[in-house]
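Accompanying notes for the structure given below.
Just so it is clear, none of the values below were taken in a lab; they were calculated from the coordinates. This structure is a prediction, so every number in the text was calculated from the model and none was measured. Cβ placement follows ideal geometry from the backbone for every residue including glycine, while neighbour counts extend to all protein chains displayed.
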Amino acid sequence: MPKLINIGMNHETAPVELRECLAVESQNVHKALGLMRNLDVVREGFFLSTCNRVETLIVAEEVQEAKKAVVSLLSKLGSIPVNDFSACLYTYENMDAVTHIFNVASSLDSMVIGEPQILGQIKDAYLQSTRTKMSGVILNRLMHKAFHVAKRVRSETDICGAAVSISYAAVELARKIFHELEGKRVLLIGAGEMAELAARHLLTNGVSAMTVLNRTFERAVEVAERFRASPVSFDEMEDQLLKADIVLTSTASKAYILTHAMIKKALRKRRNRPLFLIDIAVPRDVEPKVNKLNNVYLYDIDDLNGVIEINKAQRLEEAVKAQRIVNEEVVKFEKWLKTLAVVPTIVSLREKAEAIILNEFGKSRSVLEQLTPQHQKGVEVLVRSIVEKMLNDPILFLKGKAGRSTLNDYLDTTRKLFSLDEGDESSGTKSITGNKPS
């Protein structure tokens, strides 16, 4: 029976400088799969390369030989000696390999649990495997099951629901305050990387307009062009505070640029319309006592980090539910995998039955030709129905013995009872993945 083998490294087992060696050289997945296809010990193969992991998933019968061949392949891809990275590799076999790929697809093995990108990366890698004809019966079933598991995890748990980055946390808080972001106006002060990322998330979540304010007007114009926003000068600060619903600030100022007095003055002219302030600058841009004003919601970077930690804890709770789903699907896949051992015998049984039917129809052709076409069709349907019912019980019996230690005895007895090996001493119970997909 062929074995599933997973060999790889990820962010937990290997430093980035080592992952880079393999990832850079293996961006051309066709090259990796081409090398894998040339390995006689590998029957089916899958290759995944991302910034956080490099993995191979293969189907092979000679486990130790296959492992050595794959490690050698990784060495060739990265142009690095095996001894330089072998300690960073993890290896999973059979159901452990299945559990691992289900965990990866469901983002339970990611640096950030619940991140959605990995599933798309796996789908792309699988597409490459099918295009190079390295994916066969087992990997096809396994990968589609992995996609199904990931879908179940996302639909039956809230593992992706809680924000775990500064930018996403800012958007999440804005949603809680305004309920919906459609029609809201954003004032972006400064041009820090996290502020720009948060601004981009706010725009994609429905805010209607954005204004960029910077001490250097040229920089304001540059940033505004990225967001299709309006640039304004620093002198227009107070006027812009009257128009904005959300203020996102990230400057390098050593003093507060938004003071208690400034915000209080703006609130009077705003007629107490709610104002949401996101201060992700260090040192802070907004005077802390601003938070004491009515209808003002101020969050600094520590507040956002607090939200993130709470959300990470929530994701870990959801991960427990997700792991139950993974374990359930692993059991189902294992049951299917065990039935593969009986497939060659069942195929042989059906082929022999079909050969007998065709032979007997040939002998009876002169008699059948005297019947109308409709009656001939009726006779054929009757014969095939009888044969199918006769085969049904032995087929169900063999499937029911899949995975048991006595299976080979039952397969051998079945083949002898029905003389399935006459003229083919090698047919036996050969695996259906005995040859690479053509």
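Each residue of the range 369-386 was assigned a 3J(HN,Hα) from its phi angle through the Karplus expression (A = 6.51, B = -1.76, C = 1.60, θ = phi - 60°), giving 5, 7, 8, 5, x, 5, 5, 4, 5, x, 5, 4, 4, 4, 5, 5, 5, 5 Hz with x at Gly and Pro. Note on Thr130 and Met111: their simple-model spin labels are 3.0 nm apart, each label 7 Å out from Cα toward Cβ. Among Thr339, Thr50, Thr204, which one shows the highest mean-square fluctuation when the chain is modelled as a Gaussian network with alpha-carbon springs under 10 Å? Maximum fluctuation in the GNM of the chain, among the listed residues, is at Thr204. Summing Lys and Arg as +1 and Asp and Glu as -1 over all other residues whose Cβ lies under 14 Å from the Cβ of Gly8 gives a net charge of -2. Given R0 = 30 Å, the distance between the Cβ atoms of Ser233 and Ile177 translates into a calculated FRET efficiency of 0.60. Here Arg365, Arg200, Arg226 are placed in order of increasing Cβ neighbour count within 10 Å, fewest first, which gives Arg365, Arg226, Arg200. Stretching Glu62 away from Leu382 to a fully extended chain increases their span by 110.6 nm, per 0.36 nm per residue minus the current alpha-carbon distance. Would you tally the net charge around Ala209, using a Cβ to Cβ cut-off of less than 13 Å, leaving Ala209 out, and scoring K and R as +1, D and E as -1? Counting the neighbours of Ala209, the net charge comes to +2. Between amide H atoms placed 1.01 Å from N, distances below 5 Å from Ala209 occur with Val186, all of them 5 or more places distant or on a separate chain.
Over every Cα atom in the range 254-406, the radius of gyration and the widest Cα-Cα span, Dmax, amount to 38.1, 107 Å.
Where does helix 95-105 land angle-wise versus the long Cα axis of the chain, in degrees 0 to 90, nearest 10? Rounded to the nearest ten degrees, it is 40.
Counting only residues at least eight positions apart within a chain, or on another chain, the lysines with an alpha carbon under 22 Å from that of Lys332 are Lys3, Lys123, Lys145, Lys151, Lys321, Lys399, Lys401.
When DSSP beta bridges are restricted to pairs lying wholly in the chain, around 45% turn out antiparallel. Projected over every direction and averaged, the convex hull enclosing the alpha-carbon atoms of the chain yields 31.2 nm². Rounded to whole numbers, the Karplus 3J(HN,Hα) couplings from phi for the range 216-226 are 9, 4, 4, 5, 4, 5, 4, 5, 4, 4, 5 Hz, using 6.51 cos²θ - 1.76 cosθ + 1.60 with θ = phi - 60°, and x at Gly and Pro. Cα convex hull, the range 285-362: 201 Å³ per residue, rounded to a whole number. Using the Cβ-Cβ distance between Asp158 and Asn94 with R0 = 25 Å, the FRET efficiency computed as 1/(1 + (r/R0)^6) comes to roughly 0.20.
Of the lysine pairs in the range 238-306, how many meet both conditions: Cα atoms under 20 Å apart, and a spacing of 8 or more in sequence or different chains? The number of close lysine pairs in the range 238-306 is 10.
Distant-in-sequence amide contacts of Gly136, defined by a placed amide H-H separation under 5 Å and a gap of 5 or more residues or a different chain, comprise Gly45. Label sites at Met1 and Leu417, each approximated as a point 7 angstrom past Cα along Cα to Cβ, lie 2.1 nm apart. Hey, with R₀ at 30 Å, roughly what FRET efficiency would Asp40 and Asn327 work out to, going by the Cβ-Cβ distance, to 0.05? Calculated value: 0.30. Excluding residues fewer than 8 places away in the same chain, name every one of the aspartates and glutamates whose C-alpha is closer than 20 Å to that of Lys416. Qualifying aspartates and glutamates at Cα under 20 Å: Glu351, Glu354, Glu388, Asp393, Asp424, Glu425.
Taking the average, over residues, of other Cβ atoms within 10 Å as the packing measure, peptides 411-421, 79-89, 62-72 rank 62-72, 411-421, 79-89 from highest down.
Shape summary of the range 1-120, radius of gyration then Dmax from alpha carbon positions: 13.4, 38 Å. Label point 7 Å out from Glu317 along Cα-to-Cβ: which residues of the range 143-162 have amide N under 20 Å? So the set is 153-162.
Report note on the peptides 95-104, 389-398: ranked by the mean count of other C-beta atoms within 10 Å, highest first, their order is 95-104, 389-398. For Glu17 and Lys31, the difference between the fully extended length at 0.36 nm per residue and the C-alpha to C-alpha distance is 2.9 nm. Ordered by the count of other Cβ atoms within 10 Å of each Cβ, fewest first, His179, His30 give His179, His30. Considering only the Cα atoms of the range 225-313, their convex hull presents on average a projected area of 6.9 nm².
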